[in-house]
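Worksheet: the structure to be examined is printed underneath.
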Amino acid sequence: MVLSLNLDLEEFGRRESWEPGPCSWTCGAGFRAWLGLRSVACPGRPCSCPEQVPVCRWRPARPALWHQVASLAMDSLCRGVFAGNSRELSIRSCFPSLFQAEQTHRSILLGLLLGAGRVPQPDSALIRQARAERWSQWSLRGGLETLPQALNTHLTSRGVSVLRGQPVCGLSLQAEGCWKVSLGDSNLEADHIISAIPASVLSKLLPAEAAPLAHALSTITAVSVAVVNLQYRGARLPVQGFGHLVPSSEDPGILGIVYDSVAFPEQDGSPPGLRLTVMLGGSWLRTLEARGSVLSQELFQKEAEKAAATQLGLKEPPSHCLVHLHKNCIPQYTLGHWQKLESATQFLAAQKLPLTLAGASYEGVAVNDCIESGRQAAARVLGTEPKS
(Lines give C-alpha, C1' and ligand atoms only; values in the text may rest on other atoms or scores of the structure.)
Protein backbone atom coordinates (compact mmCIF):
# COMPACT_ATOMS: atom_id res chain seq x y z
CA MET A 1 0.00 0.00 0.00
CA VAL A 2 2.83 2.38 0.80
CA LEU A 3 4.29 1.93 -2.68
CA SER A 4 0.89 2.27 -4.38
CA LEU A 5 0.48 5.65 -2.68
CA ASN A 6 3.80 6.79 -4.20
CA LEU A 7 5.56 7.08 -0.86
CA ASP A 8 9.00 6.41 -2.35
CA LEU A 9 11.91 4.84 -0.54
CA GLU A 10 13.34 8.32 -0.03
CA GLU A 11 10.44 8.94 2.33
CA PHE A 12 11.41 6.14 4.65
CA GLY A 13 13.36 6.35 7.87
CA ARG A 14 14.73 2.86 8.40
CA ARG A 15 17.04 1.19 10.84
CA GLU A 16 18.91 -2.05 10.38
CA SER A 17 18.80 -4.64 13.12
CA TRP A 18 20.98 -4.09 16.14
CA GLU A 19 22.34 -6.18 18.96
CA PRO A 20 21.39 -7.19 21.60
CA GLY A 21 17.80 -8.39 21.21
CA PRO A 22 14.93 -6.02 20.49
CA CYS A 23 13.26 -5.87 23.86
CA SER A 24 13.54 -6.81 27.50
CA TRP A 25 11.60 -6.35 30.70
CA THR A 26 12.46 -4.73 33.98
CA CYS A 27 12.63 -6.88 37.07
CA GLY A 28 13.85 -5.66 40.42
CA ALA A 29 16.83 -3.41 39.92
CA GLY A 30 17.73 -4.42 36.38
CA PHE A 31 16.78 -5.79 33.01
CA ARG A 32 16.19 -9.33 31.89
CA ALA A 33 16.18 -10.59 28.34
CA TRP A 34 13.66 -13.23 27.27
CA LEU A 35 15.20 -15.94 29.46
CA GLY A 36 14.27 -19.58 29.80
CA LEU A 37 11.84 -19.72 26.89
CA ARG A 38 13.74 -22.55 25.23
CA SER A 39 12.51 -24.79 28.01
CA VAL A 40 8.95 -24.20 26.83
CA ALA A 41 9.91 -26.33 23.83
CA CYS A 42 9.56 -29.41 26.00
CA PRO A 43 6.45 -31.20 24.74
CA GLY A 44 3.56 -31.37 27.14
CA ARG A 45 -0.11 -32.30 27.10
CA PRO A 46 -2.27 -29.71 25.29
CA CYS A 47 -4.91 -28.00 27.40
CA SER A 48 -8.31 -29.60 26.90
CA CYS A 49 -9.93 -26.23 26.19
CA PRO A 50 -7.16 -23.61 26.03
CA GLU A 51 -9.34 -21.03 24.27
CA GLN A 52 -11.19 -20.67 27.58
CA VAL A 53 -7.98 -20.04 29.55
CA PRO A 54 -6.46 -16.58 30.06
CA VAL A 55 -2.88 -16.00 28.97
CA CYS A 56 -1.41 -16.16 32.48
CA ARG A 57 -3.08 -19.50 33.29
CA TRP A 58 -2.44 -21.28 29.99
CA ARG A 59 0.12 -23.96 30.86
CA PRO A 60 1.23 -26.01 27.89
CA ALA A 61 4.24 -27.52 29.66
CA ARG A 62 6.16 -27.53 32.97
CA PRO A 63 3.93 -25.56 35.37
CA ALA A 64 6.80 -24.12 37.45
CA LEU A 65 8.50 -22.69 34.38
CA TRP A 66 5.26 -21.46 32.87
CA HIS A 67 4.49 -19.55 36.07
CA GLN A 68 7.72 -17.59 35.59
CA VAL A 69 7.06 -17.05 31.90
CA ALA A 70 3.46 -15.99 32.52
CA SER A 71 4.19 -13.66 35.43
CA LEU A 72 7.03 -11.87 33.63
CA ALA A 73 7.25 -12.38 29.89
CA MET A 74 3.60 -12.94 28.98
CA ASP A 75 2.34 -10.38 31.48
CA SER A 76 4.72 -7.80 30.02
CA LEU A 77 3.84 -8.77 26.45
CA CYS A 78 0.11 -8.43 27.11
CA ARG A 79 0.70 -4.99 28.58
CA GLY A 80 3.02 -3.93 25.76
CA VAL A 81 0.72 -5.03 22.92
CA PHE A 82 -2.77 -4.70 24.41
CA ALA A 83 -2.19 -2.56 27.51
CA GLY A 84 -4.20 -5.37 29.06
CA ASN A 85 -4.39 -7.80 31.94
CA SER A 86 -2.94 -11.23 31.13
CA ARG A 87 -5.44 -12.75 33.56
CA GLU A 88 -8.30 -11.55 31.36
CA LEU A 89 -6.99 -11.80 27.79
CA SER A 90 -7.50 -14.85 25.57
CA ILE A 91 -4.38 -16.65 24.32
CA ARG A 92 -6.31 -17.89 21.27
CA SER A 93 -7.40 -14.42 20.17
CA CYS A 94 -4.41 -12.32 21.26
CA PHE A 95 -1.59 -14.62 20.15
CA PRO A 96 -3.06 -17.06 17.61
CA SER A 97 0.36 -18.24 16.40
CA LEU A 98 1.32 -19.33 19.93
CA PHE A 99 -2.03 -21.02 20.38
CA GLN A 100 -1.75 -22.88 17.06
CA ALA A 101 1.87 -23.87 17.72
CA GLU A 102 1.05 -25.45 21.06
CA GLN A 103 -2.10 -27.14 19.77
CA THR A 104 -0.28 -28.63 16.78
CA HIS A 105 3.02 -29.70 18.37
CA ARG A 106 2.33 -29.55 22.15
CA SER A 107 5.17 -27.01 22.37
CA ILE A 108 5.27 -23.29 21.69
CA LEU A 109 8.81 -22.96 20.35
CA LEU A 110 8.83 -26.28 18.54
CA GLY A 111 5.58 -25.39 16.85
CA LEU A 112 6.86 -21.98 15.82
CA LEU A 113 10.10 -23.44 14.49
CA LEU A 114 8.13 -25.94 12.41
CA GLY A 115 5.89 -23.22 11.03
CA ALA A 116 2.64 -23.88 12.87
CA GLY A 117 0.25 -20.95 12.63
CA ARG A 118 2.32 -19.31 9.90
CA VAL A 119 0.28 -17.54 7.23
CA PRO A 120 1.41 -16.75 3.67
CA GLN A 121 3.37 -13.51 3.64
CA PRO A 122 2.85 -10.80 1.00
CA ASP A 123 5.67 -10.12 -1.41
CA SER A 124 6.93 -6.95 -3.08
CA ALA A 125 10.20 -5.28 -4.03
CA LEU A 126 10.05 -3.25 -0.82
CA ILE A 127 9.52 -6.33 1.35
CA ARG A 128 12.43 -8.13 -0.33
CA GLN A 129 14.65 -5.08 0.20
CA ALA A 130 13.66 -4.88 3.87
CA ARG A 131 14.55 -8.54 4.39
CA ALA A 132 17.84 -8.25 2.53
CA GLU A 133 18.89 -5.16 4.51
CA ARG A 134 17.54 -6.59 7.80
CA TRP A 135 15.24 -3.71 8.62
CA SER A 136 13.91 -3.99 12.14
CA GLN A 137 11.41 -1.16 11.71
CA TRP A 138 10.61 1.76 9.46
CA SER A 139 8.80 5.06 9.63
CA LEU A 140 7.73 7.92 7.37
CA ARG A 141 9.77 11.09 7.62
CA GLY A 142 6.68 13.19 8.13
CA GLY A 143 5.30 10.78 10.71
CA LEU A 144 2.65 8.12 10.27
CA GLU A 145 0.06 10.80 9.54
CA THR A 146 1.68 10.95 6.08
CA LEU A 147 0.01 7.62 5.34
CA PRO A 148 -3.67 8.67 5.81
CA GLN A 149 -2.91 12.00 4.15
CA ALA A 150 -1.57 10.24 1.07
CA LEU A 151 -4.50 7.82 1.15
CA ASN A 152 -6.95 10.74 1.24
CA THR A 153 -5.23 12.36 -1.75
CA HIS A 154 -5.25 9.05 -3.63
CA LEU A 155 -8.99 8.53 -3.07
CA THR A 156 -10.24 12.07 -3.69
CA SER A 157 -8.27 12.26 -6.93
CA ARG A 158 -10.35 9.30 -8.10
CA GLY A 159 -13.71 10.85 -7.26
CA VAL A 160 -14.21 9.37 -3.79
CA SER A 161 -16.01 11.68 -1.34
CA VAL A 162 -14.45 11.80 2.12
CA LEU A 163 -16.71 13.33 4.79
CA ARG A 164 -14.97 14.84 7.82
CA GLY A 165 -16.37 16.14 11.07
CA GLN A 166 -19.70 14.40 10.49
CA PRO A 167 -20.07 11.63 13.06
CA VAL A 168 -22.65 8.93 12.37
CA CYS A 169 -25.63 9.22 14.72
CA GLY A 170 -27.54 6.11 13.70
CA LEU A 171 -28.11 3.37 11.14
CA SER A 172 -31.44 2.10 9.86
CA LEU A 173 -32.40 -0.47 7.24
CA GLN A 174 -34.66 0.61 4.40
CA ALA A 175 -37.33 -1.55 2.77
CA GLU A 176 -35.23 -1.99 -0.37
CA GLY A 177 -32.37 -3.42 1.71
CA CYS A 178 -30.00 -0.45 1.77
CA TRP A 179 -28.81 1.56 4.75
CA LYS A 180 -29.91 5.00 5.83
CA VAL A 181 -26.98 6.67 7.58
CA SER A 182 -27.93 9.53 9.91
CA LEU A 183 -25.29 12.26 10.17
CA GLY A 184 -27.13 14.60 12.51
CA ASP A 185 -28.35 17.34 10.17
CA SER A 186 -28.26 15.18 7.03
CA ASN A 187 -28.62 11.61 5.79
CA LEU A 188 -27.10 9.43 3.11
CA GLU A 189 -27.87 6.04 1.67
CA ALA A 190 -25.45 3.16 1.27
CA ASP A 191 -25.78 -0.21 -0.44
CA HIS A 192 -23.16 -1.68 1.90
CA ILE A 193 -21.28 -0.47 4.98
CA ILE A 194 -17.76 -1.42 6.00
CA SER A 195 -17.45 -0.38 9.64
CA ALA A 196 -13.97 0.21 11.06
CA ILE A 197 -15.08 2.10 14.17
CA PRO A 198 -14.78 0.44 17.61
CA ALA A 199 -17.20 -2.44 18.07
CA SER A 200 -18.79 -0.91 21.16
CA VAL A 201 -19.46 2.33 19.28
CA LEU A 202 -21.03 0.49 16.35
CA SER A 203 -23.25 -1.45 18.75
CA LYS A 204 -24.97 1.81 19.76
CA LEU A 205 -25.69 2.77 16.15
CA LEU A 206 -27.30 -0.46 14.95
CA PRO A 207 -31.09 -0.69 14.49
CA ALA A 208 -33.38 -2.83 16.64
CA GLU A 209 -33.39 -5.58 13.99
CA ALA A 210 -29.70 -6.15 14.73
CA ALA A 211 -30.04 -6.36 18.52
CA PRO A 212 -28.21 -9.73 18.84
CA LEU A 213 -25.29 -8.33 16.85
CA ALA A 214 -25.28 -5.13 18.90
CA HIS A 215 -25.14 -7.15 22.12
CA ALA A 216 -22.15 -9.19 20.95
CA LEU A 217 -20.26 -6.08 19.81
CA SER A 218 -21.03 -4.14 23.00
CA THR A 219 -19.03 -6.65 25.04
CA ILE A 220 -15.80 -5.92 23.13
CA THR A 221 -14.38 -3.24 25.41
CA ALA A 222 -11.23 -1.12 25.14
CA VAL A 223 -8.68 0.45 27.48
CA SER A 224 -7.09 3.89 27.55
CA VAL A 225 -3.38 4.61 27.20
CA ALA A 226 -1.40 7.74 28.02
CA VAL A 227 1.66 8.36 25.82
CA VAL A 228 4.39 10.64 27.11
CA ASN A 229 7.25 11.74 24.83
CA LEU A 230 10.36 12.90 26.70
CA GLN A 231 13.61 14.41 25.44
CA TYR A 232 16.78 14.77 27.50
CA ARG A 233 19.73 16.93 26.48
CA GLY A 234 23.17 15.41 26.97
CA ALA A 235 21.82 12.12 28.34
CA ARG A 236 22.73 8.54 27.41
CA LEU A 237 20.92 5.26 27.84
CA PRO A 238 22.43 2.53 30.04
CA VAL A 239 21.21 -0.12 27.55
CA GLN A 240 20.57 -0.35 23.82
CA GLY A 241 17.59 -1.84 22.00
CA PHE A 242 14.04 -1.08 20.94
CA GLY A 243 12.87 -0.52 24.51
CA HIS A 244 11.64 -2.42 27.52
CA LEU A 245 8.33 -3.63 28.92
CA VAL A 246 7.32 -3.51 32.57
CA PRO A 247 5.45 -6.39 34.26
CA SER A 248 2.50 -5.38 36.40
CA SER A 249 4.25 -6.75 39.50
CA GLU A 250 6.97 -4.10 39.09
CA ASP A 251 4.85 -1.06 38.25
CA PRO A 252 1.11 -1.32 37.50
CA GLY A 253 1.03 2.10 35.84
CA ILE A 254 3.97 1.94 33.42
CA LEU A 255 3.45 -0.37 30.45
CA GLY A 256 6.84 0.16 28.83
CA ILE A 257 9.38 2.60 27.45
CA VAL A 258 10.47 2.86 23.80
CA TYR A 259 13.99 4.15 23.06
CA ASP A 260 13.16 6.35 20.07
CA SER A 261 16.69 7.68 19.70
CA VAL A 262 18.11 4.18 19.22
CA ALA A 263 15.78 3.45 16.33
CA PHE A 264 15.90 6.85 14.61
CA PRO A 265 18.78 9.02 15.91
CA GLU A 266 18.42 11.31 12.88
CA GLN A 267 15.21 12.63 14.45
CA ASP A 268 16.94 13.74 17.67
CA GLY A 269 17.10 17.39 16.55
CA SER A 270 19.94 19.87 16.75
CA PRO A 271 21.57 19.86 19.19
CA PRO A 272 20.58 16.20 19.56
CA GLY A 273 18.69 15.00 22.60
CA LEU A 274 17.81 11.53 23.86
CA ARG A 275 14.17 10.73 23.04
CA LEU A 276 11.92 8.26 24.86
CA THR A 277 8.26 7.31 24.69
CA VAL A 278 6.71 6.21 27.98
CA MET A 279 3.36 4.37 27.82
CA LEU A 280 1.03 4.32 30.81
CA GLY A 281 -2.32 2.64 31.24
CA GLY A 282 -3.96 -0.68 31.95
CA SER A 283 -5.63 -1.45 35.27
CA TRP A 284 -3.87 1.54 36.85
CA LEU A 285 -5.89 3.95 34.71
CA ARG A 286 -9.08 2.04 35.42
CA THR A 287 -8.40 2.29 39.14
CA LEU A 288 -7.82 6.03 38.89
CA GLU A 289 -11.01 6.51 36.88
CA ALA A 290 -13.00 4.42 39.37
CA ARG A 291 -11.75 6.67 42.16
CA GLY A 292 -12.82 9.75 40.26
CA SER A 293 -9.24 11.00 40.01
CA VAL A 294 -8.38 13.74 37.54
CA LEU A 295 -6.36 12.27 34.69
CA SER A 296 -4.21 15.34 34.15
CA GLN A 297 -1.22 15.83 31.88
CA GLU A 298 0.79 16.78 34.96
CA LEU A 299 0.06 13.39 36.54
CA PHE A 300 1.17 11.45 33.45
CA GLN A 301 4.31 13.55 33.02
CA LYS A 302 5.25 13.06 36.67
CA GLU A 303 4.82 9.28 36.46
CA ALA A 304 6.73 9.10 33.16
CA GLU A 305 9.68 11.10 34.49
CA LYS A 306 9.73 8.95 37.62
CA ALA A 307 9.87 5.79 35.47
CA ALA A 308 12.69 7.18 33.32
CA ALA A 309 14.63 8.08 36.46
CA THR A 310 14.17 4.80 38.34
CA GLN A 311 14.39 2.43 35.36
CA LEU A 312 16.94 4.20 33.14
CA GLY A 313 18.79 6.46 35.57
CA LEU A 314 17.68 9.71 33.88
CA LYS A 315 17.55 11.89 36.98
CA GLU A 316 17.61 15.31 35.32
CA PRO A 317 14.30 16.85 34.18
CA PRO A 318 13.58 16.53 30.44
CA SER A 319 14.06 19.49 28.11
CA HIS A 320 10.83 18.70 26.24
CA CYS A 321 7.67 16.78 27.07
CA LEU A 322 4.49 15.94 25.16
CA VAL A 323 1.53 14.16 26.78
CA HIS A 324 -1.45 12.58 25.03
CA LEU A 325 -4.24 10.52 26.59
CA HIS A 326 -5.86 8.14 24.10
CA LYS A 327 -9.26 7.15 25.48
CA ASN A 328 -10.49 3.61 24.82
CA CYS A 329 -7.87 3.15 22.12
CA ILE A 330 -6.92 -0.54 22.38
CA PRO A 331 -9.63 -3.23 22.19
CA GLN A 332 -9.38 -6.09 24.66
CA TYR A 333 -9.62 -9.65 23.33
CA THR A 334 -10.87 -11.21 26.54
CA LEU A 335 -11.95 -14.81 27.13
CA GLY A 336 -14.54 -15.89 24.61
CA HIS A 337 -13.57 -13.21 22.07
CA TRP A 338 -13.47 -15.69 19.19
CA GLN A 339 -16.98 -16.81 20.08
CA LYS A 340 -18.22 -13.22 19.88
CA LEU A 341 -16.73 -12.91 16.40
CA GLU A 342 -18.28 -16.22 15.36
CA SER A 343 -21.66 -15.10 16.66
CA ALA A 344 -21.41 -11.79 14.78
CA THR A 345 -20.36 -13.50 11.55
CA GLN A 346 -23.20 -16.02 11.75
CA PHE A 347 -25.78 -13.29 12.41
CA LEU A 348 -24.60 -11.18 9.48
CA ALA A 349 -24.76 -14.20 7.17
CA ALA A 350 -28.14 -15.42 8.41
CA GLN A 351 -29.77 -11.98 8.17
CA LYS A 352 -27.93 -11.08 4.95
CA LEU A 353 -27.10 -7.68 6.38
CA PRO A 354 -25.06 -5.50 4.01
CA LEU A 355 -22.50 -4.85 6.74
CA THR A 356 -18.84 -5.89 6.98
CA LEU A 357 -16.75 -5.55 10.15
CA ALA A 358 -13.15 -4.33 10.03
CA GLY A 359 -10.62 -2.59 12.26
CA ALA A 360 -8.86 -3.16 15.55
CA SER A 361 -11.80 -4.62 17.49
CA TYR A 362 -11.67 -8.03 15.87
CA GLU A 363 -8.47 -9.76 14.76
CA GLY A 364 -5.46 -7.56 15.50
CA VAL A 365 -4.79 -4.17 17.08
CA ALA A 366 -1.58 -3.22 15.23
CA VAL A 367 -1.53 -0.76 12.31
CA ASN A 368 -0.58 -3.58 9.92
CA ASP A 369 -3.46 -5.70 11.23
CA CYS A 370 -5.95 -2.88 10.69
CA ILE A 371 -4.74 -2.24 7.13
CA GLU A 372 -5.01 -5.94 6.30
CA SER A 373 -8.44 -6.08 7.93
CA GLY A 374 -9.62 -3.25 5.67
CA ARG A 375 -8.17 -4.92 2.58
CA GLN A 376 -9.90 -8.20 3.36
CA ALA A 377 -13.20 -6.42 4.07
CA ALA A 378 -13.10 -4.61 0.72
CA ALA A 379 -12.17 -7.85 -1.08
CA ARG A 380 -15.15 -9.67 0.46
CA VAL A 381 -17.57 -6.91 -0.53
CA LEU A 382 -16.22 -6.78 -4.08
CA GLY A 383 -16.06 -10.54 -4.39
CA THR A 384 -12.35 -10.50 -5.16
CA GLU A 385 -11.17 -12.42 -2.07
CA PRO A 386 -9.21 -15.53 -3.10
CA LYS A 387 -10.96 -18.78 -2.26
CA SER A 388 -9.16 -21.00 0.25
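Data for the structure
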quantity: Condition broken by residue 327, with the remaining ones in (1) at pLDDT below 95; (2) open to solvent by less than 60 Å² (accessible area, probe 1.4 Å) satisfied; calculated: (2)
quantity: Positions within the range 273-287 being out of contact with any helix residue (DSSP H, G or I) (no Cβ under 7 Å at 6 or more places or on another chain) and either open to solvent by 20 Å² or more (accessible area, probe 1.4 Å) or aromatic (Phe, Trp, Tyr) (or both), in sequence order; calculated: 279, 283, 284, 286, 287
quantity: Residue that is closer than 30 Å to residue 311 by Cα and open to solvent by 40 Å² or more (accessible area, probe 1.4 Å), where the choices are 265, 198; calculated: 265
quantity: Unique match (being surrounded by 11 or more Cβ atoms within 10 Å (Cβ to Cβ) and under 30 Å from residue 210 (Cβ atoms)) among 139, 172; calculated: 172
quantity: Among (1) farther than 30 Å from residue 356 by Cα; (2) out of contact with any Gly (no Cβ under 8 Å at 6 or more places or on another chain); (3) small (Gly, Ala, Ser); (4) open to solvent by less than 60 Å² (accessible area, probe 1.4 Å) - the single one residue 211 does not satisfy; calculated: (1)
quantity: Test: residue in the range 276-288 that is at pLDDT below 90 and outside any helix (DSSP H, G or I); calculated: yes
quantity: Whichever residue in the range 339-379 is open to solvent by 60 Å² or more (accessible area, probe 1.4 Å) and within 14 Å of residue 220 (Cβ to Cβ) and, among such residues, is nearest to the chain's Cα centre (by Cα); calculated: 363
quantity: Filtered residues of the range 226-262 (kept if among the hydroxyl-bearing types (Ser, Thr, Tyr), crowded, with 18+ Cβ neighbours inside 10 Å and not in a strand (DSSP E or B)); calculated: 248, 259, 261
quantity: Given (1) at pLDDT below 95; (2) part of a helix (DSSP H, G or I), number of the condition residue 385 does not satisfy; calculated: (2)
quantity: Residue ID - least open to solvent (accessible area, probe 1.4 Å), chosen from residues in the range 289-311 that are in a helix (DSSP H, G or I) and modelled with pLDDT under 90; calculated: 289
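The values are calculated or read from the model by the stated rules, or taken from the named source; none is laboratory data. Since the structure is predicted, the reported quantities are computational estimates derived from the model, not experimental observations. Ideal geometry is used to build each Cβ from the backbone, glycine not excepted, and the neighbour counts take in all protein chains shown. Quick note on the areas: whole protein, heavy atoms, side chains included, nothing else; ligands and nucleic acids left out. Shrake-Rupley method; radii C 1.70, N 1.55, O 1.52, S 1.80 Å.
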